[in-house]
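Reading through the structure tokens given below for one structure.
The values are calculated or read from the model by the stated rules, or taken from the named source; none is laboratory data. A quick note: this is a predicted structure, and the numbers were derived from the prediction, not measured. Backbone-built Cβ (ideal geometry, glycine too); neighbour counts: all protein chains shown. Calculation scope for accessible area: heavy atoms of the full protein, side chains included, ligands and nucleic acids excluded. Shrake-Rupley method; radii C 1.70, N 1.55, O 1.52, S 1.80 Å.
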Amino acid sequence: QVQLVESGGGLVQAGGSLRLSCAASGRSFSSYAMGWFRQAPGKEREFVASISWSGGNLYYPDSVKGRFTISRDNTKNAVYLQMNSLKPEDTAIYYCAASAFGGGTINYWEYVYWGQGTQVTVSS
């Protein structure tokens, strides 16, 4: 079992930056791939970033590529999402998730543990 708690969300102006953190507790964190997803009101859950268990493989959709960076620190049982050049369309609840597919995956159904989410609001 892995418990995930996100933090770092908030209100920021367009063009600004935020850094989300996800603290994990439980066993074998370092064996899981980690991902970030987001969901805006009235929209489907959207993949944002994924990182393999070793940190060697990274995945991003085109919508955030070049602006967002996922990283992890297995010594601290944590994963991060650095978000730069934020846009109003980035407004959503952001969720951290853990997948047993250690190489990383973009598919939400392959993630078995989820955090409660943190709100990110980008004003224009």
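Starting from the Cα of T121, step 7 Å along the direction of its Cβ; do the same at V5; then give the gap between the two resulting points in nm.
About 2.4 nm separates the two model spin labels.
What is the dipole size for the chain, taken about its Cα centre, with +1 at each Lys and Arg Cβ and -1 at each Asp and Glu Cβ, in debye to the nearest 20?
Approximately 180 debye in magnitude.
Residue-wise, which Karplus ³J(HN,Hα) couplings in Hz belong to the stretch 76-92, taking 6.51 cos²θ - 1.76 cosθ + 1.60, θ = phi - 60°, and x for glycine or proline?
Ordered by residue, 3J(HN,Hα) equals 10, 6, 9, 10, 10, 9, 8, 10, 10, 6, 5, 10, x, 6, 7, 4, 4 Hz.
Using only alpha carbon pairs under 8 Å that are at least six residues apart, calculate the relative contact order of the chain and give it in whole percent.
36
If you plug each phi of the stretch 48-57 into the Karplus form 6.51 cos²θ - 1.76 cosθ + 1.60 with θ = phi - 60°, what whole-Hz ³J(HN,Hα) values come out, in order, with x for Gly and Pro?
10, 6, 9, 9, 5, 4, 8, x, x, 10
Given H placed 1.01 Å from N in the peptide plane, which residues other than close sequence neighbours of A100 have an amide H under 5 Å from its amide H?
V112
Find the accessible area per residue for the chain; the probe is 1.4 Å, ligands and nucleic acids are left out, and the unit is Å².
50
Please list, or write none, the lysines whose alpha carbon is within less than 18 Å of the alpha carbon of K65, excluding same-chain residues fewer than 8 places away.
K87
Which percent of the accessible area of the chain is formed by carbon and sulfur heavy atoms (probe 1.4 angstrom)?
49
Along the charge dipole of the chain, Cβ charges K/R +1 and D/E -1, which of G8, V112, G35 sits furthest on the positive end?
G8
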